[in-house]
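The values are calculated or read from the model by the stated rules, or taken from the named source; none is laboratory data. Quick caveat, the model's predicted, so the values are computed rather than measured. Heads up, the Cβs are rebuilt from the backbone with ideal geometry, glycines too, and the neighbour counts pull from every protein chain shown. For accessibility, only protein heavy atoms count, side chains too; no ligands or nucleic acids. Shrake-Rupley method; radii C 1.70, N 1.55, O 1.52, S 1.80 Å.
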Amino acid sequence: MHSPLSDLTYRRLFTAQVTSLAGTGLSTIALALLAYDLAGGDAGMVLGTALALKMLVYVMVAPVIGAFANQLPRRALLIGLDIARAGIVFCIPFVTEIWQIYALIVALNACSAGFTPTFQATIPDVLPDDARYTRALSLSRLAYDLENLLSPLLAAAALLIFSYNTLFAINAVTFLVSASLVASIRLPAHQPTETEAGIWRNLTFGIRAYLATPRLRGLLGLSLAVASAGAMVIVNTVVYVRELLGGSETATAIALAAYGCGSMVVALGLPRLLDNWSDRPFMLAGGLSAALGLLLGLAEPGWLILLITWTILGMASSLVQTPAGRLLKRSASEENRPAIYAAQFALSHACWLLTYALAGWIGGNWGLPAAFVTLGILSALATAAAVRLWPNCDPLELPHTHEPLRHNHWHVHDAHHQHSHQQDEGPEPHRHPHDHAAVTHTHSYVIDRHHTHWPRHG
């Protein structure tokens, strides 16, 4: 009854997501091989720079596209970005210089910075029921984890037959398949919304609304906590297994798989728990587990304990990331969802950018114990901040007071717009100058153009 896959629209969107994820995973492997062909021993530096550019583009571009995404037809936007990504990926095999790789990476991830949060913000409209939406978040988490686990295997199998350039072509095809799947459905119509006065205020609305919402400030702290754990795993697993434990490449892959399996176990089991319990205790447990798992690394665990630790860190990641979409949905009106989802996308990737740098720089210069303790303390402090910023009492509906106001914008006659018309203003939603009298009332509270600050007692 609660399966989101019973909905045809969501089923095709999810298939589009899985298809493009599989192609992206293949391109990641192919990019490493291309970098080695062009840069030889400096391939690591090339890939590190490409990763940094990817994160910077995510942080800078996502809020810009999120600010205008609801002014555009969503289906056309998603299709256009998929086609653009296909074209960019198809060009990668033809590069002959390092700077060309960087230019294409910037263009590709600028498109992804627009596509991903817009796609994520669309799912709550397709699945308005909370139980089904929660299970859709679980499926999305599983898709990401399976991509991380299976992409190297699929790439290895493909490379037995094709050159790595073929992997880029396969990725281009997956983006086109994704575009065709999106084109085959009809997305729910969204309400018209207007930009705020001034370009800067409009561009920063999503970030400002996000940071003004207590539960989302808590989410940002927890995002930093699990990014600390994830960065340690991604950056330093190979160093720990190969250098400290004397393990093989296979052992490195097994350790990374332990992290992914921990995440998938939680993603599978968490939706049932969230049917009866609130998000906050599980998400805070994820932040605490991330901190404790990192600090456990100070003991320089052996092989078995390392696998257990990495599994705990994977579980911690999923405890935070799986329910995150529920908080975003709860904290935004329908017309402002793209901006709020884009803000989470940008801010969470800013956390990854910071922790990637810390994991690599501290681990490389001061050793892995220093990296464990630094990221462990950062994770603990971020979790403690989340406890303070996200109050335990977090009702959806809050009493609040509005001052008298006159303005002009698109609206329907909801709880905020009970007024008479002097002439026929046309069907709703419509716009005309209208007055708001001073009023104190209670309803589901989100930051928007009528509610610019969180109530003090909230």
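Comparing region 1-157 with the 2.2 N^0.38 Å rule of thumb, its C-alpha radius of gyration ratio is 1.13 (two decimals).
Inter-part distance, region 27-43 to region 245-287, computed on C-alpha centroids, equals 30 Å.
When each of the peptides 156-168, 430-442 is scored by the mean number of other C-beta atoms lying within 10 Å of its residues, the order from highest to lowest reads 156-168, 430-442.
Among the helices of the chain (complete DSSP H runs), which have Cα atoms covering no less than 15 Å along the helix axis and a Kyte-Doolittle mean of at least -0.5? Sorted by number, the helices that extend far enough and score high enough are 8-39, 43-68, 74-91, 98-126, 130-159, 164-183, 214-239, 249-274, 279-296, 303-321, 337-366, 368-389.
Here the chain has 65 percent of its accessible surface on carbon and sulfur atoms, given a 1.4 Å probe and all protein chains in place. For region 270-291, the residues whose backbone nitrogen is under 19 Å from a point 7 Å from the Cα of Asp129, taken along Cα to Cβ, are 270-277.
Averaging the Cα positions of each part gives two centres, and for region 117-151 and region 60-100 these lie 21 Å apart. Along the axis of the charge dipole computed for the chain (Cβ charges of +1 for Lys and Arg, -1 for Asp and Glu, origin at the Cα centre), the listed residues Tyr102, Leu222, Leu81 are led at the positive end by Leu222. The figure for Ser184 is an accessible area of roughly 60 square angstrom, using a 1.4 Å probe on the protein chains alone. Computed as a quarter of the hull surface, the mean projected area of the alpha carbon convex hull for region 334-397 stands at 5.6 nm².
Remark: the chain carries a charge dipole of roughly 280 debye about the Cα centre, counting +1 on each Lys and Arg Cβ and -1 on each Asp and Glu Cβ. A Förster radius of 51 Å, combined with the Cβ-Cβ distance separating Thr166 from Ser6, puts the computed FRET efficiency at roughly 0.90.
With each label modelled as a point 7 angstrom along the Cα→C-beta vector, the Trp361-Trp99 pair spans 2.6 nm. Database remark: amide H of His443 closer than 5 angstrom to the amide H of Leu398 (H placed geometrically; neighbours at sequence offset of 5 or more, or on other chains; Pro and chain starts carry no H). For region 92-227, a crude dipole built from +1 on the beta carbon of Lys and Arg and -1 on the beta carbon of Asp and Glu, taken about the Cα centre, is about 280 debye to the nearest 20. A compact globular protein would have a Cα radius of gyration near 2.2 N^0.38 Å; the ratio found for region 1-90 is 1.40. Our estimate of slack between Val373 and Ile185, defined as 0.36 nm per intervening residue step minus the Cα-Cα distance, is 62.8 nm. Proximity of backbone amide H atoms, modeled 1.01 Å from N, is registered between His430 and His411 at under 5 Å, excluding neighbours fewer than 5 places apart on the same chain.
Compared with the direct C-alpha span, the chain from Ala438 to Leu146 gains 99.8 nm at full extension, assuming 0.36 nm per residue. Note that region 451-456 has calculated 3J(HN,Hα) couplings of 9, 9, 9, 6, x, 4 Hz, one per residue in order, obtained from phi through the Karplus relation 6.51 cos²θ - 1.76 cosθ + 1.60 (θ = phi - 60°); glycine and proline are x. Relative to its Kirkwood radius, the Cα radius of gyration of the chain gives an Rg/Rh of 0.99. On the principal axes of its alpha-carbon atoms, region 192-282 has extents of 60, 37, 23 Å, going from largest to smallest.
Sorted on the mean count of surrounding Cβ atoms within 10 Å across their residues, most packed first, peptides 241-253, 374-386 read 374-386, 241-253. Considering only Tyr259, Thr49, Ala121, the residue lying farthest towards the positive end of the dipole of the chain is Tyr259, judged by Cα position with unit charges set on Cβ. Once the 1.4 Å probe is applied to the protein heavy atoms, region 96-143 comes out at 33 Å² accessible per residue.
Stretching Met45 away from Leu33 to a fully extended chain increases their span by 3.0 nm, per 0.36 nm per residue minus the current alpha-carbon distance.
Amide hydrogen proximity for Leu187: with H placed 1.01 Å from N in the peptide plane, no residue at 5 or more positions away or on another chain lies under 5 Å.
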